[in-house]
Every structure is written in C-alpha cells, then in structure tokens.
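The values are calculated or read from the model by the stated rules, or taken from the named source; none is laboratory data. The structure presented is a predicted model; accordingly, all values stated were derived computationally and were not measured. Cβ sites come from the backbone with ideal geometry, for glycine too, and all protein chains shown count toward neighbours.
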Amino acid sequence: RIKARAVFPGTIESMTKAIKEEWDKLIPKDWNKYIDSMSYRLQQVKDRKGMQTEF
C-alpha cells in the first residue's frame, strides 16, 4: 500500500508516518486469510523441520 502512494516516503520520519497510517486502515478482514491458513502454515514448518516453506 505504501508503494501505491502518489509520493513515496523519502525520509525515516515520513516512512514511519506512512506505515502508521496504513496500519490504522487495516481491518480484521485483511488478516482473515492469514489466520485461516495458520494451521496449514504451522504443519509445513513442522514437516520441513523448520526449513523454508512456500510462505
């Protein structure tokens, strides 16, 4: 979402502000796909003994 902004933040301060603004816009629906796939993700980590997964 930050990359889609008309003006990309060019300083640490403006980047921090942009991140906080985008964080505040998040709604639970934005996270549901990650929450719903958590058991699958954890199983992949277990099956691969902590090695890299597709995520």
Over region 1-31, the set of residues among the aromatic types (Phe, Trp, Tyr) and outside any helix (DSSP H, G or I) is Phe8
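Is it the case that region 32-43 has a residue that's charged (D, E, K, R), under 19 Å from the mean Cα position of the chain (by Cα) and either loosely packed, with under 10 Cβ neighbours inside 10 Å or outside any helix (DSSP H, G or I) (or both)?
Among the residues of region 32-43, at least one is charged (D, E, K, R), under 19 Å from the mean Cα position of the chain (by Cα) and either loosely packed, with under 10 Cβ neighbours inside 10 Å or outside any helix (DSSP H, G or I) (or both), which makes the answer yes.
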So which residues in region 1-25 are under 18 Å from the mean Cα position of the chain (by Cα), of a type in the set (Gly, Ala, Ser) and surrounded by 11 or more Cβ atoms within 10 Å (Cβ to Cβ)?
Ala18
What's the number of the only condition in (1) part of a helix (DSSP H, G or I); (2) modelled with pLDDT under 90 that Phe55 fails to meet?
(1)
When you scan region 1-27, how many residues do you find that are modelled with pLDDT under 90 and closer than 27 Å to Thr53 by Cα?
3
